[in-house]
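The values are calculated or read from the model by the stated rules, or taken from the named source; none is laboratory data. A quick note: this is a predicted structure, and the numbers were derived from the prediction, not measured. Cβ placement follows ideal geometry from the backbone for every residue including glycine, while neighbour counts extend to all protein chains displayed.
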Amino acid sequence: MTPIEQPLVYAAQSVVGRVREHNEDALLSCPELALWAVADGMGGHRRGEVASALALQTLRAACADGQDLFAAVHAANCAILAAAEEDGECRGMGTTLVAVRFAGSDFQLAWVGDSRAYRVDAEHIERLSHDHSWVQAMIDAGELSVEQARSHPQRNIIFQCLGRDDQALDVGLVQGHLQPHELLLLCSDGLTGELTDAQIQQLCASAATLDELVTLLIERANQMGGNDNISCIVLGRGLLEPVEAARPRGFLSKLFKPLKQ
């Protein structure tokens, strides 16, 4: 019996963490456009949450209007700059962003700042995005190790975000393909600031469902300090297989369901 491709499935969650008073992260789950995104706002006086929400609202509208992901990210940047120009209380607000759009099993990924995307399977984790941050630049230059960067006092300095009017926007872009046994994880730095890539992969390997996975990731990040808002989206694509072909697949086992005979 020929396997049948399964639609994308996903789970998403965002929490305030244990230190911050309010949540400036925002999530976008839009399966009708095959579009998902995480934004991490900044700006004081709760304007970070305005920036992150406006970014995702504009991103969705631009994609629905037929723009590609790259153009939609630029549209989101323009919307934040325009809002800051119109309302003085919004000046200085901004947001990081990581977004993915699928066409079948192929995807385009875009990011600005230090919100991240990973591809994960039962044994491996691959970071697909590349932080626009000071510590990442030092890692690239060989001046810092990854471990040193995690505790460096300048680890929160980023070079790019939506809403900056003093430099050209640099949008990171990659193309990819999601295999049936893989997950795609989008997250804010509230997750990666508390958990290493290896710890994230281990939690993925221990989860049976996507809902359980996002709960595990956020609970563990809170246990490790919860110093920032914590947000993540996980997406998977499996195959519906005949009963006789079905095999246990670790953390992805619940994404593989046998066909009715």
- Query: Does region 121-136 contain at least one residue that is in contact with a helix residue (DSSP H, G or I) (Cβ under 7 Å, 6 or more places away or on another chain), in a helix (DSSP H, G or I) and either modelled with pLDDT under 95 or of a type in the set (A, V, I, L, M, F, W, C) (or both)?
  - Reply: yes
- Which of (1) in contact with a Ser or Thr (Cβ under 6 Å, 6 or more places away or on another chain); (2) surrounded by fewer than 16 Cβ atoms within 10 Å (Cβ to Cβ) does Gly104 not meet, given it meets every other one? (1)
- Members of region 173-210 that are closer than 19 Å to Ala37 by Cβ and surrounded by fewer than 16 Cβ atoms within 10 Å (Cβ to Cβ): Leu173, Val174, Gln175
- Message: Within region 107-165, take every residue that is touching a strand residue (DSSP E or B) at 6+ places or on another chain (Cβ under 6 Å) and among the β-branched types (Val, Ile, Thr) and give me the one that is surrounded by the most Cβ atoms within 10 Å (Cβ to Cβ).
- Response: Val112
- Task: Return the total of residues in region 36-58 being on the phi < 0 side of the Ramachandran plot, surrounded by fewer than 22 Cβ atoms within 10 Å (Cβ to Cβ) and touching a helix residue (DSSP H, G or I) at 6+ places or on another chain (Cβ under 7 Å).
- Result: 1
- Message: Tell me yes or no: at least one residue of region 222-231 is of a type in the set (A, V, I, L, M, F, W, C) and assigned to a helix (DSSP H, G or I).
- Response: no
